Amino acid sequence: MTPKMAARRPRIFRKLLSRSTLLKIVLLFLVWSVVEAHISYYHIARAERETKARTSVTKPRRVFIASLHWNNEEVLRSDWNKGVVDLATVLGPENVFVSVYESGSWDNSTGALRELDGELEKMGVGKKIVLDEETHKDLIAKPPKQDEGWIDVPAYGRKMPRRIPYLSKLRNLSLQPLRELAMNGTMFDHVLFLGDVVFTVPDILALLDTNNGQYAAACSLDFSKPPYFYDTFALRDSHGHEHASLTWPYFRASRSRKAMVHARPVPVSSCWNGIVAMPASTFTGIRGLQFRGLPDSLAASHLEASECCLVHADNPGSRTRGVFVNPAVRVGYTRAAYDAVHAAASAAEEAGGSWLTLGDVFFGMWRTGLRAGLPRRGWRKRR
């Protein structure tokens, strides 16, 4: 290297690192970020319009609805019952079976479900609505018939039932009619696990069509106190990590986050956010899945996992067909929560807007991207 070349190199570096050059780089980066936010905003708005347009079925669908309820009278009477009736009307009463298991509610959930039972009866919809009078207090007051699902709790000086095995048992009971019908030759295309949420027919039709119908499971996004999503226990990104942010675009793994930013079906490891659609064949036949909890020995060591995560881990289809969150399907645990994640879209519909503002998109991409890239203290929760 000649002396002239050696002297020239520091000057080049100083020029590249000059204040004006750095400012240009920052401005260029900001301009690109704004452009990227506009592109994302456009994709979200388009997905919003497509979801709202789904008001009828394009092909026959046979749907088995499975649902658990406890102290849900308010949402049952305000929205849920009507949503089920509307869905059965659109799909066709002959194409729907409703299986509900209610257990020990303190409110008048049983009365609301009896009303639904009557409506479905008039329509000719297949159904099994179980109203179990046993409360949690009744359950723990009597000795267990078997030790499985119960662990010693020193603070109480006795065995206590574990929540996850108990919920697993109820979910399996809600699926029992599906298995019995399949054994008699009556088949369904989808199982729709319908939580105690506010939803509409377009929401369900969009969820069933997630990823063009190619999925092992498709989940909505659920909200109790918007803009924060609700079910953090079951939702894990494509790398098995918990969320990076409770607000949009939520995910730590770049694959999941990019899909959310572009309003595409989001690949995840597990989800159970309000409503879940799965192929009915997953739960029928000799190899049909059952919900379960972790062994009691692990629970005694304070290790626990949701049955709604384990079902995806147990499902071979999760690895071949994928598990997805559909960002266009947003449900709420109250009417106010549902409206909060739809009202903005309704107001902006004529202008081609979305449920998020452009500012939400811009700052959300920055905030979640930074959090996803930062190292975290302690153990990272994974599925």
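Laboratory data are not the source of any read-out in this text; all were calculated from the coordinates shown. As the structure is a prediction and not an experimental result, all values here were calculated from the model. Backbone-built Cβ (ideal geometry, glycine too); neighbour counts: all protein chains shown.
Computed over the Cα atoms of the range 57-343, what is the convex hull's projected area averaged over all directions, in nm²?
Values: hull surface 62.5 nm².
About 15.6 nm², averaged over all directions.
Give the span of the range 201-313's Cα atoms along each principal axis, as three whole-Å numbers ordered largest to smallest.
Rounded to whole Å, the extents work out to 42, 34, 26 Å.
Report the Cα-based extents of the range 20-104 along its three principal axes, largest first, to the nearest Å.
Largest first, the range 20-104 extends 68, 37, 19 Å along its Cα principal axes.
Please list, ordered by chain and number, the residues whose modelled amide H lies under 5 Å from the amide H of K128; skip anything fewer than 5 residues away on the same chain.
Residues meeting the criterion, in which the H sits 1.01 Å from N, are V98, S99, V100.
When the Karplus curve 6.51 cos²θ - 1.76 cosθ + 1.60 is applied with θ = phi - 60°, which whole-Hz ³J(HN,Hα) does each residue of the range 94-108 get, with x for Gly and Pro?
6, 9, 10, 10, 10, 10, 10, 10, 10, 9, x, 5, 8, 8, 9
Hey, can you grab everything whose amide H is under 5 Å from the amide H of Y250? Only 5+ residues off in sequence or another chain; H modelled, so Pro and N-termini drop out.
It is S245, by chain and number.
Under 5 Å between amide hydrogens, which residues at least 5 positions from H69 or on another chain qualify, with H placed 1.01 Å from N in the peptide plane?
So H69 has HN proximity to Y101, E102, S103.
With +1 assigned to the C-beta of every Lys and Arg and -1 to the C-beta of every Asp and Glu, and no other charges, what is the dipole magnitude of the range 57-343 about the Cα centre in debye, to the nearest 20? The partial results should precede the final answer.
Numbers: 32 positive and 32 negative charges, 193 e Å.
Around 920 debye, computed over the range 57-343.
Could you tell me which of rounded, prolate or oblate describes the range 66-205, using a ≥ b ≥ c as the square roots of the eigenvalues of the alpha-carbon gyration tensor, with rounded for a/c under 1.5 and, failing that, prolate when a/b is larger than b/c and oblate otherwise? Working shown, then result.
Numbers: a/c = 2.46, a/b = 1.74, b/c = 1.42.
Cα axes put the range 66-205 in the prolate bin.
Explain nothing, just compute: Karplus ³J(HN,Hα) = 6.51 cos²θ - 1.76 cosθ + 1.60, θ = phi - 60°, for every residue of the range 287-296 in order, whole Hz, x for Gly and Pro.
9, x, 5, 10, 6, 8, x, 6, x, 4
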